[in-house]
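*Asks:* Pasting a structure below so you can have a look.
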């Protein structure tokens with residue numbers, strides 16, 4: 001046991017001194033000078049008839065055009081699917097220069113028996129409404145988000161989600 005510990009300690013001391021001699025600072029006696037020799041580089045001879053200036057110059061046909069890398073999708077992003085059970089009322093009352101506006105509204109979840117309580121259907125629907133340009137609406141939300149009123153001053157847009165799955169969009173002037 002003692003012999004093993006002694007062997008391991010000698011090995012670790014020699015390892016420490018070896019790594020200290022290679023990677024650590026080099027200790028010298030006081031009064032001696034220490035000079036670092038410059039590294040030796042070997043140069044390869046040039047091929048016969050080649051000058052050093054033209055050795056690395058590519059030919060005209062060897063140039064390649066550099067195209068910057070742009071991270072983009074291969075296809076343009078698709079618009080979300082619009083809900084198809086939408087009823088538009090009083091469309092003649094909307095703004096004459098109205099712009100389409102994408103709105104997400106919550107859908108009612110059906111009342112299911114306890115055995116089938118997990119509903120897997122959509123929770124929201126995307127619809128388009130036409131709103132006056134360059135104005136910020138005042139939005140009023142009632143009935144737990146199932147009735148929305150976009151108020152633009154003179155023009156209003158009401159979005160009502162019914163329990164049967166229909167969405168009614170009513171324009172008021």
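*Asks:* Find how much the distance from residue 118 to residue 138 grows on full extension, using 0.36 nm per residue of separation minus their present alpha carbon separation; answer in nm with one decimal.
*Replies:* The span from residue 118 to residue 138 would gain 3.7 nm if fully extended.
*Asks:* Now for a different question. Residue 168 versus residue 152, label points 7 Å from Cα toward the beta carbon: distance in nm?
*Replies:* Result for the modelled spin labels: 2.2 nm.
*Asks:* Answer rounded, prolate or oblate for segment 86-172, using the Cα gyration tensor with square roots of eigenvalues a ≥ b ≥ c: rounded when a/c is under 1.5, else prolate when a/b is larger than b/c, else oblate.
*Replies:* Working: a/c = 2.73, a/b = 2.52, b/c = 1.08.
Prolate, since a/c reaches 1.5 and a/b exceeds b/c.
*Asks:* Can you compute the label reach from residue 104? Point 7 Å from Cα along the Cβ direction, backbone N cut-off under 12 Å, restricted to segment 121-144.
*Replies:* 123-127
Here, each number is a calculation from the coordinates, and none is a lab measurement. None of these values were measured; they are calculated from a predicted model. All Cβ positions, glycine included, derive from the backbone under ideal geometry; neighbour counts span all protein chains shown.
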